[in-house]
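What follows is a set of notes on a single structure, which appears directly below.
The values are calculated or read from the model by the stated rules, or taken from the named source; none is laboratory data. Everything quoted here is computed from the prediction, not taken from an experiment. When we count neighbours, we look across all protein chains shown, and the Cβ atoms used for this are built from the backbone with ideal geometry, even at glycine. Accessible surface areas use protein heavy atoms only, side chains included; no ligands, DNA or RNA. Shrake-Rupley method; radii C 1.70, N 1.55, O 1.52, S 1.80 Å.
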Amino acid sequence: MVTLGRLLSLPTRWTFAIGPYIYLLYKEVEYIMALSIKNMEVEQLARELARRRRVSVTEAIRQSLEREVARERLVPRDKGDDLFRRLMAISDSAGQIPKRENAMTEDEILGYDELGIPTR
């Protein structure tokens, strides 16, 4: 049996087989969990990609995920504070828009008169 201490002492990537299954472990993984795809469209796309690349479905998914993670790492992401500051700047600039002199009321915009009856 592989213990947590044994996993931590493994090289970055380690492969072993138990019965008909081959396991590939990574040191960065804290636990091993199977992935279950319950969406038929996703499953069909994975199978089509595997067939076109002539690899297993697992390998096609792994390759695709590696590519997407690499793309995501290239895109700088705003931190929560930056997003808050940007939203506040938008709010401030929207607050500086001057009011119109003969602006329609909310009811006029929606098409109702003072009694709530549609005017259109």
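Go through segment 91-120 and name the GluC sites (Glu not before Pro) that are in a DSSP coil and have 11 or fewer other Cβ atoms within 10 Å of their Cβ.
In loop regions of segment 91-120 (DSSP not H, G, I, E or B), the sparsely surrounded GluC sites (Glu not before Pro) are 101, 114.
Under a crude label model (7 Å from the Cα following the beta-carbon direction), how far is residue 67 from residue 41 in nanometres?
Inter-label distance under the simple model: 1.9 nm.
Which order do 110, 49, 83 take when ranked by solvent-accessible area (1.4 Å probe, heavy atoms of all protein chains), largest first?
The residues order as 110, 83, 49, largest area first.
If amide H atoms are built 1.01 Å from N in the plane of the peptide, which residues on other chains or at least 5 residues away come under 5 Å of the amide H of residue 112?
HN-HN under 5 Å from residue 112: 119.
May I ask you to order 89-98, 63-72 by the average number of other C-beta atoms within 10 Å around their residues, highest value first? Let's see the in-between values first.
Details: 89-98: 8.0, 63-72: 10.5.
For the peptides 89-98, 63-72, the packing ranking is 63-72, 89-98.
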